[in-house]
1. Does the stretch 359-370 contain any residue that is assigned to a helix (DSSP H, G or I), in contact with a Leu (Cβ under 8 Å, 6 or more places away or on another chain) and in contact (Cβ under 8 Å) with a residue 60 or more places away in the chain?
2. Looking only at the stretch 306-348, which residues are outside any loop (DSSP other than H, G, I, E, B), over 22 Å from Ser367 (Cα atoms) and within 56 Å of the chain's Cα centre (by Cα)?
3. With the condition kept exactly as written, say whether any residue in the stretch 381-399 is closer than 30 Å to Tyr283 by Cβ, among the β-branched types (Val, Ile, Thr), outside any helix (DSSP H, G or I) and in contact (Cβ under 8 Å) with a residue 60 or more places away in the chain.
4. Condition first: outside any helix (DSSP H, G or I) and under 25 Å from Ala160 (Cβ atoms). Now tell me which residues in the stretch 41-76 satisfy that.
5. In the set Asn340, Asn394, which member is touching a helix residue (DSSP H, G or I) at 6+ places or on another chain (Cβ under 8 Å) and surrounded by 18 or more Cβ atoms within 10 Å (Cβ to Cβ)?
6. Just a yes or no: is a residue in the stretch 263-278 among the β-branched types (Val, Ile, Thr), at pLDDT below 95 and touching a strand residue (DSSP E or B) at 6+ places or on another chain (Cβ under 8 Å)?
7. Among the listed residues Leu206, Leu198, which satisfies the condition of being modelled with pLDDT of 80 or more and in contact with a helix residue (DSSP H, G or I) (Cβ under 9 Å, 6 or more places away or on another chain)?
Amino acid sequence: MKKTMISTSCIWLLLVGLSFAWNYREAGKEVEATALQVARSFFDQILVTRQWNAEHGGVYVPVTERTQFNPWLEDPLREIEVNANLTLTKLNPALMTRQLAEIAAARTGVHFHLTSLRPIRPENRPTARETLALEAFARGTPEVSAYIKDATGTAFFYMAPLVTEKACLACHARQGYQEGDIRGGLSLTLPFLHKPPLLVLLLAHLGIGLVGLMAILITGTKLTRSFEAIKLQAAFDALTEIPNRRSFSEELLREFRRSKRDRYPLSLIMCDVDNFKLYNDTYGHRKGDDCLVAVAHTIDQTISRAGDFCARYGGEEFVVILPDTGANGSLHLAEKIRANVQAMGIEHQKSLPLQLVTISLGIATISDGMETTHEELVNQADQALYLAKEKGRNRVEVFSNAS
């Protein structure tokens, strides 16, 4: 049972560990899915803004210290002088995206970068990571995402391709692009603020693991006690609390085999309470039970060696196994048992002539060289007991083939 509890506990801890690993992985997937959704939303917003600019052929904004003429924009109407105090310059989708990126980085920490394998503006040259993504887009990959390490720690990188639309051809047709071509991409780097709840998951699973172990311990202890009780009931007589007939049969077979193997004598004593039916009829069954308990304890206390074995054989019969004991030794012990039972002084008016509770005993012994079985040994002891009763009870008889 102890091994079962240990193995059950190990299986439980393994299941809790697997549950923790699975939940942590799923939490990580959920975090990644959230980051991917946020990145896609940023990308779509930038794409919509760029499309609005492109459909209007660019937008004019005042020239300021921050917004200067775009040297990479080839357009005869790149600048318009409204008056002495106001000059407008055309802001195309690319320059607008760069300025939006600067604002986003300052306000939210989100960085995005417009890039291409054939950029017009040098600042739009791709990084090594962006180059790999652009090459993947050329092979048909719809988007690229990954966790990365940057100067601030862990970040989420996302990049998707920019497809050439009709409004884009005004600027990009001279580069050889046609409508539907992938002319570059837009990368976003998001601060990784949300992590899987490692501590919460760990504490929760530790709690579940401990509760489960306590349940296994409590249940296992109860089962162990129940098992021991059942085992005790199966091996011991409920009334006298000494081993029962089943235990006797197992012990006799075990000692018989040892006797044959190690070549030592084995003796068996069968005992029977004299006139016990009359005792029950006279004093009642409750007194009869008390009498059997007293006799059982007296027999059990009389045998002194650790290897000797006493059991209730059935009804008012008891049996004693004496390993490594010959006929003389078993006779001496049987006489001692008979005298001790008589010395208890339990009144029995119908048992004459002493009017006391007494027992009759039969002995059978096997020694080296004797060809017999353990069943025959029991039968021989029973025959000797029958002879003791025939000769007047309260006596010991030894089985002899001559008798």
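The values are calculated or read from the model by the stated rules, or taken from the named source; none is laboratory data. Computed from a predicted model, the values in this text were never measured in an experiment. Cβ: placed from backbone, ideal geometry, glycine included. Neighbour counts: every protein chain shown.
1. Within the stretch 359-370, none of the residues are assigned to a helix (DSSP H, G or I), in contact with a Leu (Cβ under 8 Å, 6 or more places away or on another chain) and in contact (Cβ under 8 Å) with a residue 60 or more places away in the chain.
2. Of everything in the stretch 306-348, those that are outside any loop (DSSP other than H, G, I, E, B), over 22 Å from Ser367 (Cα atoms) and within 56 Å of the chain's Cα centre (by Cα) turn out to be Ala311, Arg312, Tyr313, Gly314, Glu317, Phe318, Ile337.
3. Yes - at least one qualifying residue is present in the stretch 381-399.
4. Of the residues in the stretch 41-76, the ones outside any helix (DSSP H, G or I) are 56-76.
Selection gives His56, Gly57, Gly58, Val59, Asn70, Trp72, Leu73.
5. Asn394
6. Taking the stretch 263-278 and keeping what is among the β-branched types (Val, Ile, Thr), we get 269, 273.
Then drop every residue that is not at pLDDT below 95, which leaves none.
The answer is no; no qualifying residue exists.
7. Working: Leu198 fails: modelled with pLDDT of 80 or more.
Selected residue: Leu206, the only one of Leu206, Leu198 that is modelled with pLDDT of 80 or more and in contact with a helix residue (DSSP H, G or I) (Cβ under 9 Å, 6 or more places away or on another chain).
Yes/no per residue for (1) at pLDDT below 85; (2) in contact with a Ser or Thr (Cβ under 6 Å, 6 or more places away or on another chain); (3) within 21 Å of Thr64 (Cβ to Cβ):
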| position | (1), (2), (3) |
| --- | --- |
| Ala94 | yes, no, yes |
| Arg107 | no, no, yes |
| His111 | no, yes, no |
| Phe137 | no, no, no |
